[in-house]
Structures are given as C-alpha cells and as structure tokens.
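The values are calculated or read from the model by the stated rules, or taken from the named source; none is laboratory data. Keep in mind that what you see is a predicted model, and the values were worked out from it rather than measured. Don't worry about glycine lacking a Cβ; one is built from the backbone with ideal geometry, like all the others, and counts go over all protein chains shown.
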Amino acid sequence: MSADEKEMVTLTIDGREIQAPKGSTILQAAQRAGIEIPHYCYHPHLSIAGNCRICQVEVTGAPKMMIACHTQVQDGMEVKTHATSSAVKAAQAAVMEFILINHPLDCTVCDQAGHCKLQDYHYEYNARPSRFLEEKVHKVKAEPLGPHVILDGERCIMCTRCIRFCDEVTGTSELGMINRGDRSMIAVSPDRPLDNPLSGTVVDLCPVGALTHRDWRFNTRIWYTKQVDSICPGCSTGCNVKVAVRDNKIVGVKARLNDEVNKEWLCDEGRYGFERFLPENRLSGGLLEGKEVSAEEAITALSKLDIKPSLVFLSPDLLLEDFFIAKKFIENVLKDVRVYVAYRERSLSDVEKILVSPDYAANFKGAEYFGFTVSEENYNEGLKELAAGKAEHVLLVGER
C-alpha cells in the first residue's frame, strides 16, 4: 500500500481538525500539518528514544502528558500543544530548565551558535534565568572522537541521536553512553575511534554544539555565510547537500534532507572533499611552454597551432551542456577521432554502500545519454593506446 493509500485517521490538534496516516505519531501528524512541536531526540530516520521529553502534549482522556514522538494517533483524538495549553507550556519550560542546569554558557564561543536548537528553544519555551546556584558538572572539553569529530561533553544533552545513527544506520556502534545521571556522557572505546565512512553525519544530527567538525572549528559564524542548496559531485548517487559560502568561498558542507536519495546522511568523502573546488585548487589559466598564462592567452596560442588530436578523453564530471558541446565539436570539427570517458570503479565497504556509488563519476549517465561509451574496459583501452604512443596530440576535457 502506497503512502497515498494508507488508512487515515482524523484527530484534532489545538482545535484544528487534521488527518494523518494510521500508525503515525502525534509529532509526525503535527509536522504534516505544519504545527510546531519542539523536539531534540526525535529524527524521522532513527528509532524513537523518547528521552528529551520536550515534545510533551496534552491528550484528552490520558492520565498524564504524553510525548508526541512516541504516541500514535487515534481516530477522534484531541491534542493540545504549548500553543493552547498552559500546562504543556509550563512542562516544556521545566524540561528546558532541567536540560540547561549543567549546560555551560558557551554560546559566544560555540560553533553551533546561530543554528542551535537549544538556543532557539530557550528563547521560545523558557527564556528565564537559571535558578541553579550549585556548581555545574564538568565533563570533557574538545575531546577527539575520531579523525573528523570533536566532542564537548558539557554541551551534550544526551539526545543519543549520534549513538543511534552508529548503531542503526552504519552498524559500526563506535559511540556509547557511559556513567549515570548527570554524569552521563558520550564516549568511544580507546581502541575504536569514530572513523566510519559516514562519521561526519553525527555533527549534522547533533541538535546542539556538542559535536563539531575537527577541521572547521572556529572557521566562521553561520550568520556570515550564505547557505546554498546543491548536489554532491563525488559520485553518481547525487546526495543533496547544503553548502556554506562566505566571500565566494566554500567554508562547509552538510547533508540536506531528501528521503528518496540520501535521507539526511552524507559520506565523509563528499563532506570533507570540497577543498578540490576551492579557487587555489582549480585551473585558473593555462601553461604555455612551462609558463603560466591567462586562459585567453592559452586559447589564442592554441588557435594558431595547426594540430588535430587523434584521442579525446572526457571527464565523467562534465555537465550535460559540456557533453553536448563536446559531441558537436567532435562530430563537426575533429570528426575522425577516438573518444574515451575517464571512468573508474572502486570496491566499497558495507558502510560505504549505504550512500556511495562505486564510480567516481558524478555524471556518467550524461555521457551515456549523448552516446559516449562509458566503461572501465573502454577507458583502459584508451590509456593503453596513449601509453603506446599512438597519439601525437590528445585533447583532455574536464578537471579530473
């Protein structure tokens, strides 16, 4: 049965009658209807933990408040959120106060400032000074969990999103919870660091500033950046990403939600490999007899040469427009020439197979669409021909 054919139930949230699929939760129903219910531990693609307690709502007939992330909708159910219930509002303020008891006042030096759920919810659901006079519990600060992720134990609110991701999605289970009560904290085994191919995703999942990127700490503030929706060019999966840009330079990449492609995950290669697109790592001109020249000078010099390549190698990362122009140029200008697409495949681990395609090519399907042969065997033939010295002149199109 498709999503559109699921049995629906009718319920009321804050006096508004809505419909939701049978078996869904109050939180999911509210999100479908555009009704805000705060949450920390809930994530649509992870199991339900129900430990943050801030999604509490009133349900008519229930003996106590219920957590919206775990309570399934029922036909005729009447629900009140903080918008219409003073009791819910007071409960959520109490939960926020409890979460903030041992939380440090680190906002001014925290990388998550400006896009932190704890900040947002404090102003929206609590917004009052702390009554806690005792000394806060101190935990590890700037503790490396692996090659890419840093933990600040004092900022962690124990939502367990990162633990569930490593248990349920990657299956690597590097992260766990140690100690009890307000001494609880996230940790890794000394001999088993957080180093799976999707490890950076735990930073995206963290709703506060407990987990940060090791290489991007103190890089820039989010309000100085422009957030641009894009697609990862690392392979043909086409993971949806959001690129942070400052002064026309990439300063960070994170996953963008797409249930059909990458959910909200992103591999480390796609996340941290953006440096090859930085201006200093890209071609900005040409080389003429070993000397750097501008692109215009290189084109002018090339136009004066009476040469015709017999081999053409195309990058599988070219845009459709590039493949179109290449095809027209080959057919109408070069004509009698052998064309090869630079295509390689790699073996993948079980964790990599969650997202990564075996090819290194973002757009090999575009090459196939315009009639170019795409295979590793075909590419190897071209390399052998090149190594044998059968071509005096070779045309390379693309950066890799």
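Structural remarks
- Considering (1) within 29 Å of LEU257 (Cα to Cα); (2) modelled with pLDDT under 95, the lone condition that GLU97 does not fulfil carries the number (1).
Results for (1) surrounded by 23 or more Cβ atoms within 10 Å (Cβ to Cβ); (2) among the small types (Gly, Ala, Ser); (3) in contact with a Pro (Cβ under 7 Å, 6 or more places away or on another chain), shown as yes or no for each residue.
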| residue | (1), (2), (3) |
| --- | --- |
| VAL169 | no, no, no |
| SER173 | no, yes, no |
| GLY181 | no, yes, no |
| ASP191 | no, no, no |
| SER199 | yes, yes, no |
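- Restricting GLU297, GLU269, GLU321, GLU264 to residues that are surrounded by 12 or more Cβ atoms within 10 Å (Cβ to Cβ), farther than 30 Å from SER199 by Cα and among the acidic types (Asp, Glu) narrows the list to GLU297.
- Qualifying residues in the stretch 161-204 (those that are among the acidic types (Asp, Glu) and assigned to a helix (DSSP H, G or I)) - the one nearest to VAL253 (Cα to Cα): ASP204
- When GLY114, GLY61 are checked against the criterion of being without any contact (Cβ under 8 Å) to a residue 24 or more places away in the chain and surrounded by fewer than 16 Cβ atoms within 10 Å (Cβ to Cβ), GLY61 stands alone in meeting it.
- Check on VAL333, in contact with a helix residue (DSSP H, G or I) (Cβ under 7 Å, 6 or more places away or on another chain) and without any contact (Cβ under 8 Å) to a residue 40 or more places away in the chain: no
- Boolean, LEU348 is out of contact with any Phe, Trp or Tyr (no Cβ under 7 Å at 6 or more places or on another chain) and either surrounded by fewer than 10 Cβ atoms within 10 Å (Cβ to Cβ) or touching a residue at least 24 places away in the same chain (Cβ under 8 Å) (or both): no
- Every residue from the stretch 102-138 that is within 25 Å of ARG180 (Cβ to Cβ), among the charged types (D, E, K, R) and more than 28 Å from the chain's Cα centre (by Cα): ARG131, GLU134, GLU135, LYS136
- Whichever residue in the stretch 205-234 is among the basic types (Lys, Arg) and in a loop (DSSP other than H, G, I, E, B) and, among such residues, is surrounded by the fewest Cβ atoms within 10 Å (Cβ to Cβ): ARG217
- Strands (runs of 3 or more DSSP E) (entirely within the stretch 1-82) containing at least 3 residues that are among the aliphatic types (A, V, I, L, M) and in contact with an Asp or Glu (Cβ under 9 Å, 6 or more places away or on another chain): 8-13
- Long-range neighbours under 8 Å by Cβ, at least six apart or interchain, first residue among the charged types (D, E, K, R) within the stretch 163-179, second crowded, with 21+ Cβ neighbours inside 10 Å and part of a helix (DSSP H, G or I): GLU174/CYS166
- Among (1) of a type in the set (Lys, Arg); (2) under 24 Å from TRP265 (Cβ atoms); (3) crowded, with 17+ Cβ neighbours inside 10 Å, the one test that ARG32 misses: (3)
- Scanning the stretch 237-252 for residues that are assigned to a loop (DSSP other than H, G, I, E, B) and modelled with pLDDT of 90 or more gives THR237, GLY238, CYS239, ASP247.
- SER310 meets each of the listed conditions (1) closer than 28 Å to ALA342 by Cα; (2) among the small types (Gly, Ala, Ser); (3) outside the structural domain of LYS365 (by TED's automatic domain parsing) apart from (3).
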